[in-house]
Each structure stands twice: as structure tokens, then as C-alpha cells.
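Scroll down for the structure; my scribbles are underneath it.
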Amino acid sequence: MKENNNLIQIPRGKSFYKKLMAFIGPAYLVSVGYMDPGNWATDIAGGSRFGYKLIWVILMSNIMAIFFQTLCARLGIITGKDLAQACRSHYNKTVNYILWILCEIAIIATDIAEVLGTAIGLNLIFNLPLVYGVIITGFDTLLLLFLDKLGIRKMEAFIIGLIAIIGISFFMEIIISKPDYHGIALGFIPTLPNKDALFIAIGIIGATIMPHNLYLHSSIVQTRNIERTEDGLKQAVKFNNIDSLVALNLAFLVNAAILILAASVFHKSGNYGVDDILKAHKLLEPILGNTLAPILFGVALIAAGQSSTITGTYAGQIVMEGFIHLRVQPWVRRLITRILAIIPSILTIIYFGDSATGELLILSQVILSLQLGFALVPLIHFVSSKDLMKDFVISRKAQILAWILSILIIYLNVKLVIEALGEWMSNGSLKSIEYLPITICILLGILLIYIILEPIIHGTGNRNVIDIHGDILFPEINKIKPYTKIALALDFSKNDKDILSHAVNFCSKDSNLILIHIVESVSANIYGTKANDIESKQDIERLNIYVKKLKSLGFENVISEIGYGKAEKSLAEIVKKHSADLLIFGTHGHHGISDILFGTITDKVKHKLSIPILIAK
């Protein structure tokens with residue numbers, strides 16, 4: 001990020017408003033995912049088929065979302081770990097890889113909704129064929145790069161602007177459609193007319209409580225510079241709960257507006273089969289007799305698709321780093337995810353036609369719902385653990401409620417899967433290809449049982465050390481001709497041995513050594529020097545160990561500097577700050593496609609500095 005000082009310091013005064021403003025933010029980034037085009041598809045299908053009868057499902061889903069998002073915030077604040085890191089600490093390597101794959105599937109399913117939503121929006125406004133619209137969405141990677149360079153403040157302003165467009169558009173459409181307010185009130189009474197309503201209801205739950213949002217929220221709440229005292233932690237939990245309550249209720253209003261629009265326009269006019277966005281748009285003008293309504297619909301749809309892109313990218317980084325300790329550049333991460341979403345979208349349009357996009361959108365939300373249990377169960381175990389949460393473990397009542405809600409979600413998903421398998425079997429003998437999803441469902445069921453029972457049997461304590469850089473080992477020092485004054489770019493890998501060996505042997509005991517490490521986590525990229533995540537803390541501790549070890553070897557003039565965010569920018573600034581006359585890098589050990597995936601900074605840094613740079617081998 002361009003701006004590194006974006007985080008508001010937590011005020012020490014007693015002003016409730018000022019403290020609240022300092023904590024507001026994370027839940028609004030999370031709420032973006034609750035307004036994506038996948039929600040539109042399920043809400044439109046529910047409103048057109050069943051009128052206002054499924055509004056209660058949106059309300060229930062929103063209440064559940066608020067509850068589970070507050071648990072995520074609590075986990076991140078108290079433990080200093082996001083949900084993926086907590087899983088990494090507890091479960092074995094195989095389970096973590098499977099959970100990571102499931103997260104990636106959920107993120108791709110979300111991205112499919114964003115791809116189709118944006119493509120449909122372009123089709124509605126500019127009459128652009130859906131296939132071309134899908135291909136164009138691949139270029140939103142450039143948008144991410146542009147916003148990333150502008151900084152988090154401008155990025156947040158851009159997202160808020162898109163959310164405002166969505167809200168204003170639907171507010172105007174509700175006024176035009178003149179809904180039945182008595183019918184809306186009755187829609188809050190729980191009822192499921194048939195099994196088709198169950199399918200839509202599960203899709204709504206999947207579109208509302210999104211698995212990747214659980215991982216995202218538990219990470220970004222760590223960016224506030226809170227006091228690690230009992231009062232400081234209590235304050236952070238309280239204000240983050242308020243943040244979640246307000247932001248997600250705004251998302252509820254948007255989702256409810258979409259269903260109300262579909263019910264008041266399509267269901268009321270007898271168009272019960274409007275189950276996708278394209279049909280909805282085509283019927284808005286002839287039914288309402290208003291040309292503005294379909295235009296607002298298309299504009300809001302594009303805004304919804306684009307507003308979810310950035311947070312989806314950060315969530316992908318978080319689960320990749322948390323589960324398997326793999327870090328790639330954000331734009332590469334974005335491009336890979338987008339390609340995996342574009343391929344099934346294009347194939348669906350080519351082979352099944354434009355009308356099939358609505359079914360694909362709803363299916364993507366059902367996939368999200370099916371994955372929810374694998375995120376919710378570990379979350380409940382961790383926030384219920386006295387070992388992990390200490391005095392901030394959730395109450396017994398909250399634990400019971402969490403398990404009831406998660407069991408409800410799992411039950412609905414199991415019911416849906418059994419009904420789908422039953423339909424296949426009722427059509428005659430199963431085809432060979434259909435044994436694959438059955439086998440996958442059975443294996444996933446076994447995995448779910450495992451992650452439910454394993455922490456109960458063995459406890460929820462941390463078993464694995466969470467450190468993306470590996471074990472702390474001070475490299476062996478080799479004798480090399482001494483030098484003078486040196487800045488060392490350390491990355492806590494085997495490269496440090498060569499860097500330290502050259503530095504120690506080049507300089508005298510009176511020379512200055514500046515040990516530099518740049519934290520490149522998601523939090524560091526977003527919040528710069530105010531990042532307070534677990535990786536930042538571990539890196540500071542590790543660098544201090546290096547300083548102490550060098551001083552024990554007789555080098556008294558050793559200092560350390562931690563940088564945050566863009567490595568080339570932070571490194572150059574630190575080197576200039578200390579007027580270093582030599583900078584030593586280690587070799588990165590990769591080339592070709594690996595350079596694209598993991599990035600290189602040597603060439604970028606040398607253009608920012610006028611001092612010699614040594615690549616130690």
C-alpha cells in the first residue's frame with residue numbers, strides 16, 4: 001500500500017464516540033462480501049417464487065452472521081491469530097491442507113458470482129455479450145493494482161462509494177415498485193413452503209455467512225493498536241462487536257431490498273419463474289413501466305461485483321498464508337482466482353446458454369454454504385477454549401447457541417445433499433461419473449466428524465508453532481574480508497547466513513550494522529507501521545535475537561529496523577534514513593514463473609538507492 005499510516009490510534013480519553021471511530025472499519029470491509037451478486041441471485045429467486053415468505057431467512061442469516069463474525073473478531077483480538085493460523089496451530093498438516101483447499105473452493109465460488117454479476121451488469125447496460133463481459137472481468141486485476149498503489153484510504157473510499165451506489169439504487173427501486181408492507185411484515189414469520197424453498201434458503205445462508213469472511217475478519221481486527229491489558233482487550237471486543245452489528249445490519253437492508261423488489265415486481269405480477277438476474281432485468285421495465293429501474297439495476301450489479309473483489313483477494317492471501325505458509329503477490333493471487341472463476345463461467349455460457357448463469361450463481365452460493373461447517377466448527381472450538389482465550393472464553397450460553405446454529409447449518413446442508421443424491425438414484429442406476437461426488441460427500445462427512453470430535457478428545461491447545469519463516473536459527477559465520485558500514489536486508493531464511501557472514505567479515509568491531517526486515521503480511525500491506533498481527537510481533541522478536549547474538553560476538557554498534565508493506569519502498573527508506581554505505585541482499589533462489597509468483601525486489605531497490613548493493617551467495 002502507498003499509505004502506511006492509515007490506522008487511527010486508539011484514544012485514551014473517555015469519549016465513547018472517538019473510541020468507536022477508531023475501531024470502525026473491519027466489519028465494513030467484511031460486509032462487502034454480503035452484498036455480492038450471489039446474494040442477488042438467491043434473493044431474486046426467493047422473492048419471485050415465494051414472495052415475501054423468505055425474508056425471515058435473510059434476517060435469520062444476518063443474525064447468525066453477526067454472531068459468528070463477532071466470534072471471529074474475538075478470536076483475532078485475544079489470540080493474535082486469525083482463524084486459518086489457529087487451525088494451523090491445532091490440526092495436523094493433512095487436515096490443514098484439506099481445509100485450505102475447501103477455503104479456496106469457497107473463494108472461487110464467490111468469485112464466480114462476482115464474475116457473472118459484473119458480466120451481466122455490462123450486458124444489461126451496454127448489451128455486451130456475456131462471454132465478452134466475463135473475459136473483461138479478468139482485467140479487474142489491473143484495478144486492484146491501481147487501488148493498491150493509491151493506498152488503503154482511497155481504496156476504502158472506492159469501496160464505500162460502490163456500496164453507496166448499491167444502496168441508493170435499491171432505495172429508488174423500492175420506491176418505484178411500491179411493495180406490500182403488510183406482506184413484508186408477514187414475511188418475518190418462519191415458513192418453508194416446499195423443498196425448492198429449502199434449496200433457496202440454504203443458498204441465502206451460504207450467500208450471507210460466507211466462509212472466507214470468517215478468516216478475513218479474524219485477521220483484520222488485529223490491526224488496531226490496542227493495549228494488551230484486560231481493560232484494553234475488553235474495549236476492543238466491545239467496539240468490534242458494535243462495528244459488526246452496524247455494518248452487517250446495513251448489509252441486511254440491501255439483501256432484504258433485493259428480495260422485496262423481486263417479490264413486489266415479479267411474484268405480484270405472476271412471474272414466479274424469475275430465478276436469474278437477466279430475467280429480472282428484462283421484466284423490470286415492462287412491469288413497472290419505468291426505464292430508470294433497469295438502468296439502476298445494472299449499475300448496482302456492476303458495483304456489487306467489483307466491491308467484493310478486493311476483500312476476496314485479501315481473504316485468499318490470509319487462508320493461503322495461514323494454512324500452508326505460502327505467500328504470493330496480491331495481483332498474482334487475484335489473477336489466479338479470477339481465471340479459475342472465468343473458466344467455468346465461460347463453459348457454462350457456451351454449452352448451456354446465457355439463461356444457465358442464474359443457476360450457476362445459486363449453485364455457487366450453495367457451495368459456500370456446504371463449506372461453512374468446516375470453518376464454523378474450528379471457530380467454535382477455539383473461542384470456547386480456556387487455554388486459548390483465557391478470561392475471554394465465550395460464555396456457556398454463547399457456546400450452546402453457537403453449536404445450535406452450526407448444527408442447524410450442517411443439518412440443512414446434509415439434508416440438501418441427501419435429497420440431491422436421492423434424485424440421482426431415483427432416475428435409475430447411477431452413472432460412473434456420479435460416484436465421484438458421492439465419494440467426495442462421504443469423505444467430507446468423515447472430515448467434518450473428525451474436526452468436531454478431535455478437539456474434544458485431545459483438547460484445543462496450540463501444537464504447531466506459527467511462524468511463516470520457520471525455526472529461529474542463527475546462521476554460521478564464515479571468515480570474509482572486513483568491510484565498513486553495512487545495511488543488511490534479512491528475510492529469516494538460509495540466505496541470512498551469507499548476508500551476515502559478508503557483513504561481519506567486511507567491517508570492523510567499531511562499524512555499524514543495520515539489521516532490516518520487511519513484514520509483508522496482509523495486515524502490514526494494509527495498515528503499515530500500525531500492523532499488530534502475530535507475524536509482525538514474531539519478526540520483531542527474531543530481529544532482536546539477531547541483535548543480541550551479534551553483540552555477544554563483539555559488535556556493539558548493532559541496531560534493528562522493521563519495515564512494513566511494500567518491501568522495495570520500506571527497505572530503501574530505512575537505508576536512506578541511516579545513511580548506510582552498503583546494502584547486502586541474499587539471493588532469492590528462484591527465477592522464471594517463480595519470479596512472477598513470489599516477486600523480486602532487487603531491481604526495484606537499486607533504482608531507489610545510489611549506494612553499492614551486494615548480492616551475497
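The values are calculated or read from the model by the stated rules, or taken from the named source; none is laboratory data. Just so it is clear, the structure is predicted and the values come from calculations on it, not from any experiment. Ideal geometry is used to build each Cβ from the backbone, glycine not excepted, and the neighbour counts take in all protein chains shown.
Looking for something under 16 Å from the mean Cα position of the chain (by Cα) and assigned to a helix (DSSP H, G or I) - is there at least one such residue anywhere in segment 226-242?
No: segment 226-242 contains no residue that is under 16 Å from the mean Cα position of the chain (by Cα) and assigned to a helix (DSSP H, G or I).
Picking from Arg396, Arg334, which residue would you name as being among the charged types (D, E, K, R) and either crowded, with 23+ Cβ neighbours inside 10 Å or touching a residue at least 24 places away in the same chain (Cβ under 8 Å) (or both)?
On the way: Arg396 fails: either crowded, with 23+ Cβ neighbours inside 10 Å or touching a residue at least 24 places away in the same chain (Cβ under 8 Å) (or both).
Unique residue meeting the criteria: Arg334.
Listed here are the residues, each with its yes/no results for (1) closer than 28 Å to Ile452 by Cα; (2) surrounded by fewer than 24 Cβ atoms within 10 Å (Cβ to Cβ); (3) free of Cβ contacts under 8 Å to residues at least 40 places away in the same chain.
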{"residue": "Tyr28", "(1), (2), (3)": "no, yes, no"}
{"residue": "Gly46", "(1), (2), (3)": "no, no, no"}
{"residue": "Ile55", "(1), (2), (3)": "no, no, no"}
{"residue": "Ala86", "(1), (2), (3)": "yes, no, no"}
{"residue": "Phe126", "(1), (2), (3)": "no, yes, yes"}
Practice task
Could you identify the single residue in Ile176, Ile135 that is more than 29 Å from the chain's Cα centre (by Cα), modelled with pLDDT of 80 or more and part of a helix (DSSP H, G or I)?
Solution key: Ile176
Handout entry: Residue check, Leu278 surrounded by fewer than 20 Cβ atoms within 10 Å (Cβ to Cβ), of a type outside the set (Asp, Glu), assigned by TED's automatic domain parsing to the domain that holds Pro294 and modelled with pLDDT under 75
Key = yes
Completion exercise
Checking Ser501, Ser536, Ser560, Ser610 in turn, the sole residue that is crowded, with 19+ Cβ neighbours inside 10 Å, modelled with pLDDT under 90 and of a type in the set (Ser, Thr, Tyr) turns out to be Ser536
Practice task
Determine whether Cys72 is within 26 Å of Lys386 (Cα to Cα) and crowded, with 19+ Cβ neighbours inside 10 Å.
Solution key: yes
Fill in the blank from the handout: Checking Arg327, Arg338, Arg333 in turn, the sole residue that is modelled with pLDDT of 75 or more, assigned to a helix (DSSP H, G or I), touching a helix residue (DSSP H, G or I) at 6+ places or on another chain (Cβ under 9 Å) and farther than 30 Å from Ile168 by Cα turns out to be Arg333
Practice task
Inspect all residues belonging to segment 419-431 and state whether any of them is within 30 Å of Ala197 (Cα to Cα), in the same structural domain as Val95 (by TED's automatic domain parsing) and modelled with pLDDT of 70 or more.
Solution key: no
Exercise for the section: For segment 523-534, name all the residues that are under 19 Å from the mean Cα position of the chain (by Cα) and more than 16 Å from Ile77 (Cβ to Cβ). Expected result: Ala524, Asn525, Ile526, Gly528
